[in-house]
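Since the structure comes first, as structure tokens, the remarks are kept for the end.
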Amino acid sequence: KKTENQILVIFGASGDLTARKLIPALFNLYVARQLPKNFVVLGASRSDLTDEEFRNRVVYESPYLKEKIEDLKENYIQGFADKIFYEDLGGTYDTAYDGLRKRVEGLKKDFQTSGNIIYYLSTPPTLYETIAQRLADAGMNTQNNGWKRLIVEKPFGYSLDTARKLNQGLHQFFTEPQIYRIDHYLGKETVQNLLVTRFSNSIFEPLWNRNYIHHVEITNAESVGVEKRGGYYDKSGALRDMFQNHLLQIVSLVVMEPPIGDQPEEIRNEKVKALKSLRIMKDEKTLWDNTIRAQYVASEVNGKKVKGYREEEGVDPNSTTETYAAIKFFVDNWRWEGVPFYVRTAKRMPTKVTEVVIHFKTPHHQIFKDSGVNSKDNKLIIRIQPDEGILMKFGVKVPGQGFKVERANLDFYYSSLAETYVMEAYERLLLDAMQGDATLYARADEVEAAWEFVDPILDYWKNGKDVRMYGYSAGVWGPENADELIDDLGTWRNPGA
Ligand code: BG6
């Protein structure tokens, strides 16, 4: 695909994301010669920085580029840094757009970038609409002279209502095809591979339904706590931070019907349909029975003291924000009727791992009664991260008399494709937006459908009667009570445990 000449304007450029993810992604694209010939980045934010200072910060002295640039020649790195500029928005995101417009026009002229512009919103979300409006006021959203695109970082809304308002707000100034809502999980190869596994093989899809699948389990675990983001996290929590976006995106890819083709709208239409078929939990009894929340408490991991969530900087000492969430739900459609989904996400787990487990049903008639292994152990495990790959578990005969069965693995690792360079999520997503491909970005109705499912849970956790909040020590797989959610089926699969 062709990447046209363009300018990338990053709002909130002095923030962490720019240095940690965006600039390294652009740098990788530069090294891979994927950036268009005439291309510049203009960082904009409220910090008072010169171009030089900004380049030092995000390139020359950036801890996130250190390893990447160590073996490279000075002038090569400079070639990249020279594409980066900075505009001080003068203490506010509400004014100064005249200056910004002039700067963009100047760069466009100097570097022949044409009128194509991406605006990347990486500011606090309360500013998204203001920025879109100010860009429109300054005439910077018009497409009569090159296209204009808007990439919007997460979180997209705080609830169904706020997400809707944000969509309506942005739509006043940018059309839906101009808007790219980022969810970096969609940039992960293994997440995209869910589509390929399902729809480019003939051996999985015939089994991918209620007739053969017993239940689906999705685990997302992180070993870190809230780190330095206590202030943000305490207003968010696991459900908003991970579940509404990343995990429901994964769910939509597991649940969706085959799209008619690989065009963005064809795929996104099916994802929306999938999200709309999640059974919304309405009454307190259902919510009580199917949702578990918890917080990590002060504990010791490998002899090291770890703070409890409520002791973290920026967190309210009486906080009721969850760092662990486990949700059981059903999908009301032809394919999935009666198949339970178990999805959990948490911080301060024993390890960092994300995986999808498809648990298959036991064969209708058990011939090998004393086999020792239940064929319910037929599982397809899609390892999203780390050790990206796919594992299939099935029974084989133990050599010798009788029919003893043992579990065996068919295991594929992405790393075995040694020659293939795997792009980082942000790299892939940025390149897609630069090329106008929105397949891996969330559409307005998709985000709203996800909130529609999450809203009642959030509301119940906030306002419900006697809602339980469990505690768990750092380095364990969450509260024991979470086992109750799944115990009629067995236990959670704790990867690596
Ligand atoms: C972010 C969340 O969206 O995803 C973080 O805000 C979380 O809290 C991160 O740590 C996890 O991403 P990954 O790619 O490391 O699994």
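Assorted remarks:
- Residues of the range 105-157 satisfying the condition of being among the acidic types (Asp, Glu) and in contact (Cβ under 8 Å) with a residue 60 or more places away in the chain: 153
- Yes/no for residue 280 being of a type outside the set (S, T, N, Q), in contact with a helix residue (DSSP H, G or I) (Cβ under 9 Å, 6 or more places away or on another chain) and away from the ligand (no atom under 16 Å from the Cβ): yes
- Output for the range 1-45, where each listed residue is of a type in the set (D, E, K, R) and surrounded by fewer than 18 Cβ atoms within 10 Å (Cβ to Cβ): 1, 2, 4, 16, 20, 33, 37
- Any hit, the range 267-277, residues being without any contact (Cβ under 8 Å) to a residue 12 or more places away in the chain, over 26 Å from residue 483 (Cα atoms) and away from the ligand (no atom under 16 Å from the Cβ): yes
- The set of residues from the range 215-230 being modelled with pLDDT of 95 or more, in contact with a helix residue (DSSP H, G or I) (Cβ under 7 Å, 6 or more places away or on another chain) and near the ligand (Cβ under 8 Å from one of its atoms) comprises just one member, 220.
- Selected residue (only one of 212, 233 is within 16 Å of the ligand (Cβ to nearest atom) and either surrounded by 15 or more Cβ atoms within 10 Å (Cβ to Cβ) or not aliphatic (A, V, I, L, M) (or both)): 233
Here's the yes/no breakdown for (1) of a type in the set (S, T, N, Q); (2) surrounded by fewer than 19 Cβ atoms within 10 Å (Cβ to Cβ); (3) modelled with pLDDT of 95 or more:
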| position | (1), (2), (3) |
| --- | --- |
| 301 | no, yes, no |
| 309 | no, no, yes |
| 318 | yes, yes, yes |
| 328 | no, no, yes |
| 342 | no, no, yes |
| 345 | yes, no, yes |
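- Of note, residue 197 does not satisfy the criterion of being free of Cβ contacts under 8 Å to residues at least 40 places away in the same chain, more than 13 Å from the ligand (Cβ to nearest atom) and surrounded by 14 or more Cβ atoms within 10 Å (Cβ to Cβ).
The values are calculated or read from the model by the stated rules, or taken from the named source; none is laboratory data. Because the structure is a prediction, the values reported are computed rather than measured. Glycine gets a Cβ as well: all are built from the backbone with ideal geometry, and neighbour counts include every protein chain shown.
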